[in-house]
Amino acid sequence: MPAHSARFTSILTLAAVAALSVTGLSATAQRHSSFTAPPTAPPAAHEAHAAAPATVNPLAPVSSGLGAIEFYPVNFGVPAPQSLARQLTADDERTRRNALTAMGAPPQYTAKDQPTPAPHSLQVEFAPLGTGSESDALVTVELDHHLVTAVLAPDNGGWHRVATLVFPTGYADPNSTPSTFVRTNRSLLDPTKYRAVFHARENQTDGEYQENEAHMRVLNGHAIITISFVSDAKHCETVTPTHRGRPTCELTHRWLQPEPMVPNGPRRFQLVTATGHLTPKEAEIFIARSRYFESTRLREFTCQQFTFSDLHLRYEPTGPNGPCPTTLVGPQAR
């Protein structure tokens, strides 16, 4: 089923309400803010892990982690996405407050006793994120200090919020919008289905940054982070009394790329890590902060093979990070 997206932008008045309730399944490492308790991990996963024999040298991913992305799996009945969008843009403050609560927005935007800035924009996107034919929905609001996405799944004629993802970022940052935070891509496992890809980029005043990427699907009625890693980073040397020269900057770009299909064989993927650096002279020029310019300075490439685990519902490494195979055709579109 093709994905359909609808974007709505509106300036709303102040809204308020209750707290984010979080329970449910978590398939990966998560960041938790002070307004919620960590969700309970699935017992089956723990039992499977406990029963597995100890590994002397377990494989570790070359990169993992959600970074600034906060992931809260839940199971909470909500209005249909179209109704929720109308409520978020309603003139009535109480209606908007209830809609923000249904989304799982942080309490600083929903507390009744505090003035709350209104959402600046709203994005709604539909796509089948699971294995069935029905479309799930991603409802994203842009607030003063956060981007918030509610993941909604259809359930027997109704809708449930199965996860909320939050990115603490200021509205003043022109590079952080609903469309830069989340988008849908075709699933790497089944091209007739989709995955939600989240990006959270933390910029520093000196030009350094780190961007984390997370892939999410809705499997067995649960929102699952199938893989997460540092997708982009720039780190520059600090000038100190013992290092008085102009700083150089180390660059890292990373993406998940499928290997060519093997008939009747398992699907394999490569997490590609590209590294390079900017010279002191390059680091000071205007275009050096462009992602396109940085890409031209990448010189070394390494790969780590992954396969998808049907047991744990995530991509797991099957080999160490090392030289890339020579059979890869080209980088997966990001």
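FYI, it's all coordinate maths here, none of it is from the lab. Every value quoted in this text rests on a predicted model; they were computed, and no experiment measured them. Counting neighbours? That spans all protein chains shown, and the Cβs are built from the backbone with ideal geometry, glycine included.
Things worth noting here:
- Once the Cα-Cα distance is subtracted from the 0.36 nm per residue extended length, the Ala172 to Thr95 segment shows a gain of 25.1 nm.
- Förster radius 56 Å - calculated FRET efficiency between Thr205 and Arg267, Cβ distance, rounded to 0.05: 0.85
- Loop-located GluC sites (Glu not before Pro) in segment 109-164 (DSSP state other than H, G, I, E, B) with a sparse environment of at most 16 neighbouring Cβ atoms within 10 Å: Glu134.
- Excluding same-chain neighbours fewer than eight residues apart, the lysines reachable from Lys281 by a Cα-Cα span under 21 Å are Lys234.
- Separation in nanometres of the label points that stand 7 Å from Cα toward Cβ, at Glu284 and Arg86: 6.0
- Segment 78-120 and segment 148-177 have Cα centres spaced 12 Å apart.
- Inter-part distance where segment 188-213 and segment 219-235 are each reduced to a Cα centre, Å: 8
- Here Lys193 is the anchor, and no lysines lie within straight C-alpha reach of less than 18 Å, apart from those fewer than 8 places off in the same chain.
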